[in-house]
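Chemist: I'd like to ask some things about the structure below.
The values are calculated or read from the model by the stated rules, or taken from the named source; none is laboratory data. Here the structure is a predicted model, which is why all the values come from computation and not from measurement. We place every Cβ from the backbone using ideal geometry, glycine too, and count neighbours over all the protein chains shown. Note: areas computed on protein heavy atoms with side chains; ligands, DNA, RNA excluded. Shrake-Rupley method; radii C 1.70, N 1.55, O 1.52, S 1.80 Å.
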Amino acid sequence: MGVYQTKQRLRLISFLEKNTDRQLSASEIADGVCENGKGKSTVFRQIKSLCEEGNLQRFRGEDGKSVLYQYGGGKCHMHFHLKCVNCERIIHLDCDHIDHLKSHIKAEHGFFVDPAKTVLYGLCSNCKEAK
């Protein structure tokens, strides 16, 4: 059974699709979707629903306390992410070499990496060139 697509849900998904390269707080998402602050509680419920469906990834903020979200349309659980420490842009890393790294870590270190929760920090090429 599919999820009922209300106008607000479609507006939410459209907003998230335009911001796939960013991790956003629930408040930032609600502010981007709601007109005049109306309907924020509905957006918060939809955020929870999108997480349960696997379409929205939940991350801990750098402070270890805050929660950030990133839309991946159900595919973010399959790959690592790169996050620029300067502009905070998120890059979805679909790379076969990462599979070799995961296999090595599993075989040599007995550790199973969760790609959905794996973020590598550094500088994107745009920020590196600017420095």
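Chemist: Output the residues belonging to the range 1-27 that are without any contact (Cβ under 8 Å) to a residue 24 or more places away in the chain, more than 25 Å from C124 (Cα to Cα) and of a type in the set (A, V, I, L, M, F, W, C).
Modeler: Selection gives M1, L10.
Chemist: Being open to solvent by 40 Å² or more (accessible area, probe 1.4 Å) and within 10 Å of the chain's Cα centre (by Cα) narrows it down to one of R22, R45, so name that one.
Modeler: R22
Chemist: Mind checking which residues of the range 95-124 are surrounded by fewer than 11 Cβ atoms within 10 Å (Cβ to Cβ) and touching a strand residue (DSSP E or B) at 6+ places or on another chain (Cβ under 9 Å)?
Modeler: The one that is surrounded by fewer than 11 Cβ atoms within 10 Å (Cβ to Cβ) and touching a strand residue (DSSP E or B) at 6+ places or on another chain (Cβ under 9 Å): Y121.
Chemist: Scan the range 10-34 for residues that are hydrophobic (A, V, I, L, M, F, W, C) and out of contact with any Lys or Arg (no Cβ under 8 Å at 6 or more places or on another chain) and jot them down.
Modeler: If the condition is that a residue be hydrophobic (A, V, I, L, M, F, W, C) and out of contact with any Lys or Arg (no Cβ under 8 Å at 6 or more places or on another chain), then L10, L12, I13, F15, L16, L24, A26, I29 are the ones that fit.
Chemist: Looking only at the range 38-54, which residues are touching a helix residue (DSSP H, G or I) at 6+ places or on another chain (Cβ under 8 Å) and of a type outside the set (A, V, I, L, M, F, W, C)?
Modeler: G39, K40, T42, Q46, G54
Chemist: Shifting gears a bit: Please enumerate the residues belonging to the range 51-72 that are open to solvent by less than 40 Å² (accessible area, probe 1.4 Å) and not hydrophobic (A, V, I, L, M, F, W, C).
Modeler: Listed by number, the residues that qualify are G54, N55, Q57, G61, Y69, Q70, Y71, G72.
Chemist: Only residues that are more than 16 Å from N55 (Cβ to Cβ) and in contact (Cβ under 8 Å) with a residue 12 or more places away in the chain: list them for the range 28-39, please.
Modeler: Matches in the range 28-39: A30, G32, G39.
Chemist: Which one is nearest to I13 (Cα to Cα), of the residues in the range 52-85 that are assigned to a helix (DSSP H, G or I) and modelled with pLDDT of 85 or more?
Modeler: Result: E53.
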